[in-house]
1. Checking the structure you have, find out if any residue of segment 136-151 is crowded, with 24+ Cβ neighbours inside 10 Å, within 19 Å of Ile54 (Cα to Cα), in contact (Cβ under 8 Å) with a residue 12 or more places away in the chain and touching a strand residue (DSSP E or B) at 6+ places or on another chain (Cβ under 8 Å).
2. Hey, could you check segment 20-64 for residues that are surrounded by fewer than 16 Cβ atoms within 10 Å (Cβ to Cβ) and of a type in the set (A, V, I, L, M) and say which is nearest to the chain's Cα centre (by Cα)?
3. Is it the case, given these coordinates, that Val67 is surrounded by 24 or more Cβ atoms within 10 Å (Cβ to Cβ), in contact with a helix residue (DSSP H, G or I) (Cβ under 9 Å, 6 or more places away or on another chain) and closer than 24 Å to Arg117 by Cβ?
4. Tally the residues that are more than 14 Å from the chain's Cα centre (by Cα) and on the phi < 0 side of the Ramachandran plot, restricting the search to segment 110-131.
Amino acid sequence: MKLKLDLHVHTNRSSDAFTSPKRLAAICRDRGLDGLAITDHNVLARDLSDEIVILPGIEISTRDGHVIGLRVSKTIPRGLSADETIRRIRDLNGVSIIPHPYDLLRSSARPHLLTVRPDAIEVINSSSFLHSVTWNRARKFAEKEKYPMTAGSDSHIPQTIGRAYTEVECGSKDTGSVLASLRSGAVSPVGRPVRATERLRKLFYGKRDES
């Protein structure tokens, strides 16, 4: 089966995001998504759902830039090197993804500088500035080094969830099956950038919008 999963979504457990986890299932149904990965900043997601596929994850602030860990069983401390963070994700049987690897205005680990190989590279990130440049550079690197390529919205507000997603070929909706497909490269990135109006909306978003 082929699943459409947004592999980079923030909820209001991130200090700069405003989507309630309670709304995720309804949003996914509305956008034609089969599920998503919750990747809040330095906070490990433990959400589950009977309605959609939820991959619990975390976006870790390493001293070299951000690293995503999926299905890790405990929080990995911030401030480690990107290499050490990837090692710890692996030790916990999780999947490591380098998000927005060549963004100019965000904290981004540079995959060509890593000595420990991550499981995948995010080549489409809807929130990237100068996306035509950064996406192309990420894709070229991933293709050259034969990395699985993923996509995610990096959404911080409900309106942008699903703007990018990863098509995953897997045997079932079981988390283990999905992550095995990610590791093996049975994935295809799909997506487009957020609009300028949505960037502005995030800046002025408030908790009142969640009522």
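1. Within segment 136-151 (the criterion being crowded, with 24+ Cβ neighbours inside 10 Å, within 19 Å of Ile54 (Cα to Cα), in contact (Cβ under 8 Å) with a residue 12 or more places away in the chain and touching a strand residue (DSSP E or B) at 6+ places or on another chain (Cβ under 8 Å)), the answer is yes, since at least one residue qualifies.
2. Filtering segment 20-64 for residues that are surrounded by fewer than 16 Cβ atoms within 10 Å (Cβ to Cβ) and of a type in the set (A, V, I, L, M), the one nearest to the chain's Cα centre (by Cα) comes out as Leu48.
3. yes
4. Initial filter on segment 110-131 (more than 14 Å from the chain's Cα centre (by Cα)): 110-117, 129-131.
Filter again for on the phi < 0 side of the Ramachandran plot, leaving 110-117, 129, 131.
Looking only at that region, the number is 10.
Residues checked against (1) closer than 9 Å to Val123 by Cβ; (2) buried (at least 23 other Cβ atoms within 10 Å of the Cβ); (3) in contact (Cβ under 8 Å) with a residue 60 or more places away in the chain:
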position: Ser153; (1), (2), (3): no, yes, yes
position: Ile157; (1), (2), (3): no, no, yes
position: Ala164; (1), (2), (3): no, yes, yes
position: Val168; (1), (2), (3): no, yes, yes
position: Gly171; (1), (2), (3): no, no, yes
position: Asp174; (1), (2), (3): no, no, no
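Every residue, every condition in (1) among the basic types (Lys, Arg); (2) in contact with a Gly (Cβ under 6 Å, 6 or more places away or on another chain); (3) under 20 Å from Ser15 (Cα atoms); (4) part of a helix (DSSP H, G or I), yes or no:
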{"residue": "Arg46", "(1), (2), (3), (4)": "yes, no, yes, no"}
{"residue": "Pro56", "(1), (2), (3), (4)": "no, no, yes, no"}
{"residue": "Pro77", "(1), (2), (3), (4)": "no, no, yes, no"}
{"residue": "Leu80", "(1), (2), (3), (4)": "no, no, no, no"}
{"residue": "Arg87", "(1), (2), (3), (4)": "yes, no, no, yes"}
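Taken together, the values in this text are just the output of simple stated rules run on the coordinates, not laboratory data. Quick caveat, the model's predicted, so the values are computed rather than measured. Note that we place each Cβ from the backbone using ideal geometry, even for glycine, and neighbour counts take in every protein chain shown.
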